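The values are calculated or read from the model by the stated rules, or taken from the named source; none is laboratory data. Quantities reported herein were computed from a predicted structural model and do not represent experimental measurements. Positions of Cβ are backbone-derived with ideal geometry, glycine not excepted, and every protein chain shown enters the neighbour counts.
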Amino acid sequence: MISLGDVRPVGEQLRAWRRHRRLSQLELSLAVGVSTRHLSFVETGRSTPSRELLLRLAEHLDVPLRDRNLLLIAAGYAPVYTHTPIEEPRMETVRAALRKILTGHEPYPAVVVDRLWNLIDANAAAALFMEGAAPHLLEPPVNVLRLSMHPEGMARTVLNLGEWRAHMVDRLRRHVALTADESLARLYRELRDYPVPDDAGTFPMPTGGEVLVPLRIRVGDRELSFFSTIATFGSPLDITLAELAIESFYPADETTAAFLHERARR
């Protein structure tokens with residue numbers, strides 16, 4: 001995997017990304033409109049790609065923006081993608097948009113997370129998922145995946161823990177495969193190795209009765225059920241924006257919807 005701090009020769013990085021995407025030199029060269037010979041020279045360091053070619057290759061290889069900057073630096077070019085902290089004044093419009101989305105989703109929970117699933121913002125309804133969690137899991141930065149699967153976090157209240165855990169671990173595994181991000185890989189290994197209670201059950205084979213994997217939790221004497229959607233910014237040119245995601249939870253049944261509306265009126 002390509003480390004975020006690893007500025008290896010540009011050809012080595014490109015070859016690693018091409019192999020990670022399981023593309024041959026011929027397939028990639030046809031996609032970007034260069035000869036296989038030239039691509040081979042780039043990968044072996046015999047030729048330095050132009051800035052334009054490098055960006056075309058990165059686009060076709062679906063390289064994350066932060067890693068595209070590493071490619072540019074390795075080739076001797078200035079990085080083109082900014083990395084603006086979310087709290088910076090120039091991000092005020094973005095913060096306002098996120099806050100509007102979060103509050104507009106109430107009384108249902110919604111959170112904003114970064115590439116490592118660290119909590120950036122949340123609406124008031126999301127506090128439901130944090131109730132009773134161990135204090136160390138709520139210390140910033142709160143990692144929502146760790147919070148949801150840690151034995152001292154939400155896992156204590158998840159009724160379909162085996163099913164939910166299998167779904168979330170596989171989701172993270174696929175994200176690691178897409179990004180080749182070592183920080184995400186470490187998080188994946190941590191969550192994968194959490195102990196699973198004997199009564200958690202295992203991930204069942206689909207029966208055709210469900211259209212998605214629900215999150216079922218116990219709150220007092222009630223069982224609540226949720227499904228979620230994830231939204232990202234379209235066509236971002238800033239690394240921070242490219243790595244933000246909004247996860248919005250919806251009630252999967254009328255009982256859960258009624259509970260959330262009742263809770264919001266208190």
Every residue in the stretch 17-58 that is among the aromatic types (Phe, Trp, Tyr) and either in contact with a Ser or Thr (Cβ under 6 Å, 6 or more places away or on another chain) or more than 23 Å from PRO79 (Cα to Cα) (or both), please. PHE41
Kindly check whether there is at least one residue in the stretch 177-186 that is among the basic types (Lys, Arg), assigned to a helix (DSSP H, G or I), over 22 Å from THR103 (Cα atoms) and at pLDDT below 95. no
For the stretch 118-156, which residues satisfy the criterion of being crowded, with 20+ Cβ neighbours inside 10 Å, farther than 25 Å from PRO85 by Cβ and not hydrophobic (A, V, I, L, M, F, W, C)? SER148, GLY153
Among residues belonging to the stretch 78-94 that are touching a residue at least 24 places away in the same chain (Cβ under 8 Å) and part of a helix (DSSP H, G or I), point out the one that is nearest to PRO251 (Cα to Cα). VAL94
Scanning the stretch 187-206 residue by residue, the ones that are of a type in the set (Asp, Glu) and either modelled with pLDDT of 90 or more or closer than 22 Å to LEU65 by Cβ (or both) total 2
Residues ALA97, ALA58, ALA31, ALA110: which one is out of contact with any strand residue (DSSP E or B) (no Cβ under 9 Å at 6 or more places or on another chain), closer than 26 Å to GLY234 by Cα and assigned by TED's automatic domain parsing to the domain that holds GLU182? ALA97
Quick check, is ARG115 surrounded by 14 or more Cβ atoms within 10 Å (Cβ to Cβ), assigned to a loop (DSSP other than H, G, I, E, B) and not β-branched (Val, Ile, Thr)? yes
Can you find even one residue in the stretch 66-84 that is of a type in the set (Phe, Trp, Tyr) and more than 21 Å from ARG18 (Cβ to Cβ)? no
